[in-house]
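The values are calculated or read from the model by the stated rules, or taken from the named source; none is laboratory data. Bear in mind that the values here come from a model prediction, so they are computed numbers and not experimental data. Methodologically, a virtual Cβ is constructed for each residue, glycine included, from the backbone with ideal geometry; neighbour enumeration extends over all protein chains shown. SASA here: full protein model, heavy atoms, side chains in, ligands and nucleic acids out. Shrake-Rupley method; radii C 1.70, N 1.55, O 1.52, S 1.80 Å.
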Amino acid sequence: MQSVNTSASSSEENREHTEWQELAVEVQHLHKAYEDHVAVDDISFTVKKGEIFVLVGPNGAGKTTAVECMEGLRKPDRGSVRLLGMDPRNNREKIFQHVGVQLQENNLHPRQKVYETLEVFSSFYSDPAPYSQLIERCGLEGKENDFYGKLSGGQKRRLLMVLALLGRPKLVILDEPTSGLDPQARYNIWKLLEELKRQGTTIFLTTHYMNEAEEHGDTLCMIDEGRVIAMGEPKKLLAEHQMGSCIKIAECPNLDEKKLKTFPQVGQVEKVDGHFLLYGSGKDFLPMITSKLGKEGVTADQIEARKANLEDLYLLMTGRAYRKET
Amino acid sequence: MVIKPIQRMFKAEIKLFLREPFAMFFTLLFPVILLLLFGSVYGDMPISKEYRFIDTYMASLFAMVIANLGLVSIPITLADYRERGVLKQYQVTPVPKFAFLVVQVLVQIFMFLISAVLILAVAELVFDLKFGGNVLIVSGFLLFSMAMLYAVGFAIGGLASTVRTAQTAGMAVFFVLFFTSGAAIPRGEFPKWLQVVTDYVPLSHVVDVTSALWMGDAIGKHTDSLILITVLLVIALVVAKWKFRWQSS
């Protein structure tokens, strides 16, 4: 949008200029409704340059809509998006020289060979990376002459990763980059992403694998029903919710959620499929709870303790029921 | 900056075209079969003092190939690329949006050229052609007809919601035009009333004017056809622009 008032527009430019020096992505009050439902309801977040930012949420939470608004593929009803300081809907050709995108679906021509696709997409960038290296890093060497349609699901996913990295991007936006990949491929893709991060690339991605988010994410943003429900560094988020350890207790007549909540250092209590899940943190949380439970007649074999993880937090916050997908 | 992507996409699209048996059949094989068949049956039939049927039949075959590329190949490609999300994939790269459209048009022009060379070569070898027109004027008129039919193709591709509807609509329009324009059966064989009705079929004008130009007619004598084609071209372009989508739904 151009301002008539020149002094206002120049100060606006200055503000944007200084901000995008640290911010790779700036999403403000994003709102997107479809005919029958609101997909994204006032989402705001920022991605700092050089970090790995992970967007998580149940299917139908609005992740892909938010991501497609970021990519300029969808027009938000309200709010704004800035990628590297620019509006993706107005500066497509300029932005995508520096922003690599992996869409959620694998969208290429089945009768095109891998190398043909790469030749075409390489020609779009002013300084393309040699694709042979990327092919190797993504475990696709020897597949250059195969038809795209003959690749396995995981291979297709990795080829789309190669396409996202072809232009030596400063920022990548990856929608479920590791879905459908086997553990070896996941390991290697993450190794590649961590390496890109060390070289200064900003990485924005969505995933359903909470262990990945916990291990690699610098910032986690959890959305549900089109809203942000938690955001921050994964370890800090767990600490904030007192989720250090998880104790699983078989159901017993002496116990109920209310009583368990009165125990010291307990953060959250959940009743799931015939047992209680007790989350808490603190130096002597485990021995203290074990002895408390012993007094209630719970024997040691009815107690299972482990470290709490992001998946616990995720399920606690988003619930365990299937989502209606629209 | 945009030259390289266009070159690479063009090369890749030609390869894809060659891997499409359906398009290959209608572009290369079908016209040659028609040529040999109709040429053997009617080839020597005199049309005027100097020309035989085979000479004017070139116009019918050219019109058929152009109509097939424009009305069938373009809508299917457009709908297919949209449905598969290939266009969406292009949208998240820096390639200018018009590059894809330019390449599609270039590919269809190129395939017509290949087809025309093949048709002419076979016809010359087997039947010995006589050409009395101006190569530039005939080529110019064919290019103009291509512009109109390709634009109609983009309009159909935009109106169709899926590949299946694009295919059905494209084929339907193609076959109706093919049979009513004299591209399949010469309109001279039609009963009088049908000749009058089919005078209004746009492809009839492509066939009639091309064959008249082939035999040395002046283009100035066909301003009515030129006006009709121009009007259709403009309407098709407006619809194509209005209905064009990069993503399905």
**Prompt:** How big is the charge dipole of segment B:3-243 about its Cα centre, in debye rounded to the nearest 20, if each Lys and Arg gets +1 on its Cβ and each Asp and Glu gets -1 on its Cβ?
**Reply:** 1040
**Message:** Over the Cα atoms of segment A:242-318, each weighted equally, I'd like the Debye log10 I(q)/I(0) at q = 0.18 Å⁻¹, rounded to two decimals.
**Reply:** -0.64
**Request:** Can you pull the one-decimal nm distance between simple spin-label points at A:ASN145 and A:ARG89, each 7 Å off the Cα toward Cβ?
**Result:** 4.7
**Request:** For chain B, list log₁₀ I(q)/I(0) at each q in 0.07, 0.08, 0.13 Å⁻¹, using the Debye formula over Cα point scatterers of equal strength and ignoring solvent, two decimals each.
**Result:** -0.24, -0.31, -0.81
**Prompt:** Please state the relative contact order of chain B as a whole percent: Cα pairs under 8 Å, 6+ residues apart?
**Reply:** 30
**Message:** Using 0.36 nm times the number of residues separating A:ASP77 and A:GLU119, minus their current alpha carbon distance, what extension gain do you get?
**Reply:** 11.4 nm
**Message:** Need the full-extension length gain, B:LEU113 to B:LEU18, defined as separation in residues times 0.36 nm minus the C-alpha distance. One decimal, nm.
**Reply:** 32.8 nm
**Request:** Search the structure for amide H atoms under 5 Å from the amide H of A:VAL38, placed 1.01 Å from N in the peptide plane, and list their residues when 5 or more places away or on another chain.
**Result:** none
**Request:** From other protein chains only, count the Cβ atoms within 10 Å of every residue's Cβ in A:115-122, then give the mean.
**Result:** 4
**Asked** With axes computed from alpha carbons, what is the tilt in degrees of helix B:74-84 against the longest principal axis of chain B, rounded to the nearest 10 within 0 to 90?
**Response** 20
**Asked** Between A:SER44 and B:LEU136, what is the spin-label point distance in nm, taking each point 7 Å from the Cα along the Cα→C-beta axis?
**Response** 6.6
**Item:** Peptide A:183-195 - average C-beta neighbours from other chains (10 Å radius)
**Value:** 0
**Request:** Give the calculated FRET efficiency between B:TRP193 and B:LEU143 to the nearest 0.05, with a Förster radius of 51 Å applied to their Cβ-Cβ distance.
**Result:** 0.95
**Message:** Using only Cα atoms and rounding to the nearest 10 degrees, what angle (0 to 90) does helix A:183-198 make with the longest principal axis of chain A?
**Reply:** 70
**Asked** Quick one: if you stick a label point 7 Å off each Cα along the C-beta vector at B:THR230 and B:ARG164, how many nm between them?
**Response** 4.2
**Request:** Output the peptides B:77-83, A:195-201, A:244-250, A:142-148 sorted from most to least packed, where packing is the average of other Cβ atoms within 10 Å over each peptide's residues.
**Result:** B:77-83, A:244-250, A:142-148, A:195-201
**Asked** So what is the relative contact order for segment B:63-211, in percent, with contacts set as C-alpha pairs under 8 Å and at least six apart?
**Response** 41
**Message:** Placing +1 on the Cβ of each Lys and Arg and -1 on the Cβ of each Asp and Glu in segment A:23-237, which of A:TYR209, A:PHE96, A:PHE53 has its Cα farthest towards the positive end of the resulting dipole?
**Reply:** A:PHE96
**Item:** For chain B, calculated [θ]222 nm from helices alone, where every DSSP H run of n ≥ 4 adds -39500 (n - 2.57)
**Value:** -24000 deg cm²/dmol
**Request:** Run the numbers on chain A and let me know its relative contact order in percent, using alpha-carbon pairs under 8 Å that are six or more apart.
**Result:** 18
**Complete:** Whole-Hz Karplus couplings 3J(HN,Hα) for segment B:27-43, θ = phi - 60° and coefficients 6.51, -1.76, 1.60, Gly and Pro as x, run 8, 10, 7, 4, x, 5, 4, 4, 4, 5, 5, 5, x, 5, 7, 10, x
**Prompt:** If A:ASP127, A:ASP218 are ordered by their accessible area, calculated over protein heavy atoms with a 1.4 Å probe, which sequence runs from highest to lowest?
**Reply:** A:ASP127, A:ASP218
**Complete:** In deg cm²/dmol, rounded to the nearest 500, the helical mean residue ellipticity at 222 nm of chain A, built from -39500 (n - 2.57) for every DSSP H run of length 4 or more, is -10000 deg cm²/dmol
**Message:** Quick one: 3J(HN,Hα) in Hz for segment A:230-239, Karplus 6.51/-1.76/1.60 with θ = phi - 60°, rounded, Gly and Pro as x.
**Reply:** 7, 8, x, 6, x, 5, 5, 4, 5, 5
**FRET efficiency, 1/(1 + (r/R0)^6) with R0 56 Å, evaluated for A:GLU136 and A:ASN254 via beta carbons** = 0.40
**Prompt:** Build a GNM of chain B with springs between Cα atoms under 10 Å: which of B:PHE62, B:PHE17, B:PHE178 gets the top mean-square fluctuation?
**Reply:** B:PHE17
**Ranked packing of B:90-96, B:109-115, A:288-294, B:240-246, most packed first, by mean Cβ within 10 Å** = B:90-96, B:109-115, A:288-294, B:240-246
**Request:** Would you mind checking the tilt of helix B:3-18 against the longest principal axis of the Cα atoms of chain B, expressed as 0 to 90 degrees and rounded to 10?
**Result:** 60
**Label point 7 Å beyond Cα of A:SER126 along Cβ direction - residues of segment B:93-123 with amide nitrogen under 18 Å** = B:93-97
**Complete:** Taking every residue of B:15-23, the Cβ atoms of other protein chains inside 10 Å of its Cβ average out to 2
**Message:** What FRET efficiency comes out for B:LEU129 versus B:ILE33 if R0 is 25 angstrom and r is the Cβ-Cβ distance? Round to the nearest 0.05.
**Reply:** 0.90
**Message:** 5 Å is the cut-off here: which amide hydrogens, built 1.01 Å from N in the peptide plane, fall below it relative to A:GLY244, excluding neighbours closer than 5 in sequence?
**Reply:** A:GLY280, A:SER281
**Message:** Taking θ = phi - 60°, what integer Hz values does the Karplus form 6.51 cos²θ - 1.76 cosθ + 1.60 yield along segment B:205-213, in sequence order, with x for Gly and Pro?
**Reply:** 5, 4, 5, 5, 5, 4, 5, 5, 5
**Prompt:** Which pairs in the list A:LYS75/B:LYS4; A:LYS248/A:LYS271; A:LYS48/A:LYS170 are over 18 Å apart, alpha-carbon to alpha-carbon?
**Reply:** A:LYS75/B:LYS4
